[in-house]
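Peer 1: I have a structure here, written as C-alpha cells, and I will follow up with some questions on it.
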Amino acid sequence: MARIVQLSDLHLCVPGRLLYGAIDTAAALSAAIARINALRPSPDLVIVSGDLVDAGHPEEYEHLRALLAALAVPYALMAGNHDERMALRAAFPAQPWAHPLLLQQQRETDAGDLLLLDTIVPGEAGGAITDMQLTWLAAHARPGRDALLFLHHPPLTTGIAGMDAIGLAGATRLAEQLQRLPGVRAIFCGHVHRAVFGVFAGRPLAIAPAPAHQIALDLSGDASALGWTMEPGGMLLIDWQPGHDPVTHVLPVAAAPVQRYAE
C-alpha cells in the first residue's frame, strides 16, 4: 500500500511576518510537520500541492526549505497561483521536475504513479489546462498502470462563488483527456482551503484543507463575500492499495488524546 499525505496552501511568509497581519503560517506548517512525523505507519511521501508561499519571493522559499528540513519523509512540491515558477525551481533544484517550463512531476509508488500537474497562469489567481499539460499527462499516464492526479486548481464548481471565480479554465478539455486515460483513479486538489469532495470525469475528487486558515464556507453565490476563517487546519491522508481506489482521511493539524474503548 502507498500512504501519501497531501498538504496544501501553506502561504508561508518571510520569517517574522504574519499573513494578513494575523496568521502565523510558519507555526501552522511546523505543527503539520510534527503531526506527519508522528504518524504510524509513516507516510511514503508528502505532496505539497501549491501556494507554498504567499508572494513568490526567494526569501520565502528559503524559509520553506528550512522548515521542510524537519520533515521525516520525502516530499514533492507543486506550484499554486501564489508561487513563482523560476524562484521555486531555483530554491528546490533537487525536485525531479519533469517538464522544462512547467513544474510537473511523476512519482512512482507500489500502488501506481502520482502525476503532479502545473495549472498556474502567471499573474492570475485562476488556473488553466492547456495543450502543454494535456500532452504531458497523456505521455505520463502509462498504459496498464494506475495513477492519481494532483493539481492545485480544482476542475469542478465548489459552490463558494469567490473561489469558483478563480477556478480552472479548460476543465472540459481535462475531462475529455481523462476519458482516454482509464488508469487515472482519483483527483486531488488544493486552492480552496477547505476539505471538499466530489466527482469529476467519473473519478472521485478531493480538495485538501489548509494547515492554517480556511476559506469561509459561504454558499450564497455572492463572489464578493469571499473571506477567511481560523477554523481548524488540516491535511489529507491518502491510503492507496494496488488495484483499488484510494481511501482518503481528513487529518487535523492538531492531534488530540485517544481514549481506548477497552479502557
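Peer 1: Report yes if A186 is in contact with a Pro (Cβ under 8 Å, 6 or more places away or on another chain), farther than 20 Å from W97 by Cβ and modelled with pLDDT of 95 or more, otherwise no.
Peer 2: Yes; evaluated as a whole, the condition is true for this residue.
Peer 1: Being under 30 Å from G243 (Cα atoms), more than 15 Å from the chain's Cα centre (by Cα) and among the polar types (S, T, N, Q), is that true of even one residue in region 23-39?
Peer 2: Looking for residues that are under 30 Å from G243 (Cα atoms), more than 15 Å from the chain's Cα centre (by Cα) and among the polar types (S, T, N, Q), one finds at least one in region 23-39, hence yes.
Peer 1: Among the residues that make up region 12-21, is at least one of them over 17 Å from P211 (Cβ atoms), over 14 Å from the mean Cα position of the chain (by Cα), surrounded by 20 or more Cβ atoms within 10 Å (Cβ to Cβ) and modelled with pLDDT of 95 or more?
Peer 2: Checking region 12-21: not a single residue is over 17 Å from P211 (Cβ atoms), over 14 Å from the mean Cα position of the chain (by Cα), surrounded by 20 or more Cβ atoms within 10 Å (Cβ to Cβ) and modelled with pLDDT of 95 or more.
Peer 1: Here is a further query. I'd like to verify a number: residues in region 180-236 that are more than 13 Å from the chain's Cα centre (by Cα) and among the aliphatic types (A, V, I, L, M), how many?
Peer 2: 14
Peer 1: Could you tell me whether any residue of region 253-261 is basic (K, R), over 27 Å from V46 (Cβ atoms) and at pLDDT 95 or above?
Peer 2: No, region 253-261 contains no residue that is basic (K, R), over 27 Å from V46 (Cβ atoms) and at pLDDT 95 or above.
Peer 1: Follow-up question, since we're still on this one. (1) surrounded by 17 or more Cβ atoms within 10 Å (Cβ to Cβ); (2) in contact (Cβ under 8 Å) with a residue 40 or more places away in the chain; (3) out of contact with any Phe, Trp or Tyr (no Cβ under 7 Å at 6 or more places or on another chain); (4) among the aliphatic types (A, V, I, L, M): which one isn't true of V121, the others all being true?
Peer 2: In the conditions (1) surrounded by 17 or more Cβ atoms within 10 Å (Cβ to Cβ); (2) in contact (Cβ under 8 Å) with a residue 40 or more places away in the chain; (3) out of contact with any Phe, Trp or Tyr (no Cβ under 7 Å at 6 or more places or on another chain); (4) among the aliphatic types (A, V, I, L, M), V121 misses (1) alone.
Peer 1: OK, next. Give the number of residues within region 170-190 that are over 20 Å from L114 (Cα atoms) and crowded, with 17+ Cβ neighbours inside 10 Å.
Peer 2: 1
Peer 1: Kindly list the number of the only condition in (1) loosely packed, with under 15 Cβ neighbours inside 10 Å; (2) touching an Asp or Glu at 6+ places or on another chain (Cβ under 8 Å); (3) aliphatic (A, V, I, L, M) that fails for A94.
Peer 2: Only one criterion is unmet by A94, namely (2).
Peer 1: Next question, about the same structure. Modelled with pLDDT of 95 or more, under 27 Å from I187 (Cβ atoms) and basic (K, R): is that true of R3 in this structure?
Peer 2: So R3 passes the test.
Peer 1: What pairs can you find where one residue is in region 48-71 and closer than 13 Å to A26 by Cα, the other is surrounded by 15 or more Cβ atoms within 10 Å (Cβ to Cβ) and among the acidic types (D, E), and their Cβ atoms are less than 6 Å apart, with a gap of 6+ or different chains?
Peer 2: Note: pairs meeting the criteria are L52/D83; V53/E60.
The values are calculated or read from the model by the stated rules, or taken from the named source; none is laboratory data. Predicted, not measured: the structure shown is a model, and the values here were computed from it. Glycine also receives a Cβ, built like all others from the backbone with ideal geometry; neighbour counts cover every protein chain displayed.
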